[in-house]
Amino acid sequence: MGVDHPVLPGRRQLIKTVFGAWPLSIGFGLLCFQERSWAGNQAEEPLMDSVRTALSSAVTNHAPPVPEFMDTESRLDYLRWLGTMSDRLKKKKTDFESRKEFLQTVWYESKRAGLDVALVLGLIQVESNFRKFAVSSAGARGYMQVMPFWTRLLADGDPGKLFHMQTNLRFGCVILRHYLERENGNLFMALGRYNGSRGRAPYPDAVLGARRLWEY
């Protein structure tokens, strides 16, 4: 059972500006212990100014976004989804409030980017196993294993901001949408591009397999 899209501020204009306009070519301190991840390398590519603005705006949002709904049934459907996913994620995130904020933000950013929420959760499971401070051997960071070069899109270029929950999820979702555009909607190839293993099956197969665990 799916969940209706939320009513986001300026949602239609945002999607038109950020995604519809893309061409097909287009101080967090050091941790004493950094969890490792096996993520690969994303390719550095030029992005439009509108996309830069959309990414940078996530850094200023310190609280998780609050979804809004057109009707009661849509809200109830979302709450049922939230309860189901919270139960599934309990072993990975034991604190209820942290789990709720994480799922709420994943749902919001996935819908905002026009992505399937189960797909994004599957990608997070494969990339970081839901570890906020995961760091790969290539230097990718956070839940969605975003490469530090993406922080050049930010005013101060601080890669530590990739450990901020909404920043990381915003970047990851927008990057994946970008790769889907580059691959003309081919999810298998877009996932490979996200991981830096374009054309090879293990990573896309792993994400698509994990996606099934998060379907609602």
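The values are calculated or read from the model by the stated rules, or taken from the named source; none is laboratory data. These numbers come from a predicted model, not from an experiment. Methodologically, a virtual Cβ is constructed for each residue, glycine included, from the backbone with ideal geometry; neighbour enumeration extends over all protein chains shown. What goes into the accessible areas is simple: the full protein's heavy atoms, side chains included, and nothing from ligands, DNA or RNA. Shrake-Rupley method; radii C 1.70, N 1.55, O 1.52, S 1.80 Å.
Some observations on this one:
- Pairs with C-alpha atoms separated by more than 19 Å, drawn from the list K91/K111; K90/K111; K91/K132; K111/K132; K92/K132, are K91/K111; K90/K111; K111/K132.
- Listed peptides 69-79, 200-210 by packing density, highest first (mean Cβ within 10 Å): 200-210, 69-79
- Pairs of Cα atoms nearer than 8 Å and 6+ residues apart set the relative contact order; for region 113-216 it is 31 percent.
- Nonpolar atom fraction for region 57-193, defined as the carbon and sulfur part of the 1.4 Å probe accessible area, stands at 50 percent.
- Fully extended contour minus Cα-Cα distance, from A138 to R200, at 0.36 nm per residue: 20.5 nm
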